[in-house]
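Remarks on the structure that follows.
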Amino acid sequence: MSIQSNLNTIKASLPEHVTLVAVSKTKPVSDLMQAYEAGQRIFGENKIQEMTEKWEQMPKDIQWHMIGHVQSNKVKFMAPYVTLIQGVDSLKLLQEINKQALKNNRIIDCLLQIHIAEEESKFGLDENELNELLTSSEFKELKNIRILGLMGMATFTEDQNQIKKEFTHLKSIFDSLKSIEGYGKDALQYISTISMGMSGDYPLAIECGSTMVRIGSSIFGGR
Ligand SMILES: *Cc1c(COP(=O)(O)O)cnc(C)c1O
């Protein structure tokens with residue numbers, strides 16, 4: 001199957017309110033260009049250097065999403081162009097993103113990553129840490145970032161019930177954002193996005209309320 005036909009099949013299966021991020025990590029620019037020529041404009045990468053090299057070489061109407069774990073000292077390399085940083089899981093990182101956004105005279109959109117999987121290795125905040133972050137005075141000072149919602153990754157397992165439980169948990173945390181005391185109305189108006197679902201589990205994620213899926217291998221083939 002070609003990249004174009006993979007993409008078209010997936011796009012045809014997505015409800016209108018679900019945004020497709022084509023996860024192109026490790027793939028060459030020629031593969032990304034095939035997706036681009038088939039109409040795809042949102043790409044997800046997990047390494048800042050690789051994403052920046054691709055950004056330099058590719059058309060400028062592409063929206064680049066950082067979906068991997070971000071080290072603070074590398075934020076500056078993507079701050080001029082990144083559209084959405086999906087894996088934000090600390091105040092310290094948000095402060096650095098804010099600082100670099102300010103330097104570039106822009107506002108950078110972010111998702112906060114929530115730890116929903118059983119595995120220890122996956123990054124993210126738990127519900128208490130999320131609430132603490134969003135209501136802290138330090139957070140309120142950050143004027144050059146905007147939180148659009150939450151991102152999460154389910155456990156890597158065949159157990160559909162387990163995955164469903166984790167996605168449902170993320171959706172319930174998302175819904176509870178509206179009732180966090182002290183998280184301002186102004187900030188709440190931007191909350192719109194639940195990024196969950198990958199090649200193996202995106203139909204289930206959509207059933208559970210996902211509005212953004214991150215799909216790599218089903219479009220570009222295995223890595
Ligand atoms: C690699 C990756 C994906 C895409 O995974 P596929 O199984 O290839 O669809 C999605 N989200 C994150 C955070 C990733 O690192």
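Listed values, structure above:
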| item | result |
| --- | --- |
| Tally of residues being without any contact (Cβ under 8 Å) to a residue 24 or more places away in the chain and in contact with a Phe, Trp or Tyr (Cβ under 9 Å, 6 or more places away or on another chain) across segment 181-196 | 0 |
| Residues within segment 20-30 that are of a type in the set (Ser, Thr, Tyr) and surrounded by fewer than 17 Cβ atoms within 10 Å (Cβ to Cβ), tallied | 2 |
| Residues (within 16 Å of the ligand (Cβ to nearest atom) and either under 28 Å from Pro59 (Cβ atoms) or touching a residue at least 60 places away in the same chain (Cβ under 8 Å) (or both)) located in segment 76-98 | Met78, Val82, Thr83, Leu84, Ile85, Gln86, Gly87, Val88 |
| Residue check for Asp186: over 29 Å from Leu7 (Cα atoms) and over 17 Å from the mean Cα position of the chain (by Cα) | yes |
| Contacts under 6 angstrom Cβ, first residue in segment 201-221 being farther than 19 Å from Gln160 by Cα, partner among the charged types (D, E, K, R) and more than 8 Å from the ligand (Cβ to nearest atom), 6 or more apart | Phe220/Lys27; Phe220/Asp31 |
| Residue match in segment 97-109 (condition: under 16 Å from the mean Cα position of the chain (by Cα) and part of a helix (DSSP H, G or I)) | yes |
| Residues of segment 143-183 classified as over 20 Å from the mean Cα position of the chain (by Cα), of a type outside the set (D, E, K, R) and over 24 Å from Cys208 (Cα atoms), total | 2 |
| Filter result (part of a helix (DSSP H, G or I) and surrounded by fewer than 17 Cβ atoms within 10 Å (Cβ to Cβ)) within segment 72-90 | Ser72, Asn73, Lys74, Lys76, Phe77 |
| Residue match in segment 51-71 (condition: charged (D, E, K, R), more than 15 Å from Ile85 (Cα to Cα), out of contact with any helix residue (DSSP H, G or I) (no Cβ under 8 Å at 6 or more places or on another chain) and in a helix (DSSP H, G or I)) | yes |
| Residue check, Asn128 of a type outside the set (Gly, Ala, Ser), surrounded by fewer than 17 Cβ atoms within 10 Å (Cβ to Cβ) and part of a helix (DSSP H, G or I) | yes |
| Filter pass, Gly149 being under 17 Å from Asn46 (Cα atoms) and among the small types (Gly, Ala, Ser) | no |
| Top-ranked residue in segment 8-24 [being within 12 Å of the ligand (Cβ to nearest atom) and out of contact with any helix residue (DSSP H, G or I) (no Cβ under 7 Å at 6 or more places or on another chain); ranked as farthest from Leu84 (Cα to Cα)] | Val23 |
| Qualifying residue in segment 36-45 (condition: within 14 Å of the ligand (Cβ to nearest atom), surrounded by 13 or more Cβ atoms within 10 Å (Cβ to Cβ), farther than 20 Å from Ile85 by Cβ and over 17 Å from the mean Cα position of the chain (by Cα)) | no |
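Rundown of residues vs (1) away from the ligand (no atom under 16 Å from the Cβ); (2) in contact (Cβ under 8 Å) with a residue 24 or more places away in the chain; (3) surrounded by 13 or more Cβ atoms within 10 Å (Cβ to Cβ); (4) of a type outside the set (D, E, K, R), yes/no style:
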| residue | (1), (2), (3), (4) |
| --- | --- |
| Asn144 | yes, yes, yes, yes |
| Leu150 | no, yes, yes, yes |
| Phe156 | no, yes, yes, yes |
| Gln162 | yes, yes, yes, yes |
| Phe167 | no, yes, yes, yes |
| Lys171 | yes, yes, yes, no |
| Phe174 | yes, yes, yes, yes |
| Ser179 | yes, no, no, yes |
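Since every read-out is calculated from the coordinates, none of them should be taken as a lab result. All values reported here derive from a predicted model rather than from experimental measurement. So basically every Cβ, Gly included, is an ideal-geometry build from the backbone, and we count neighbours across all protein chains shown.
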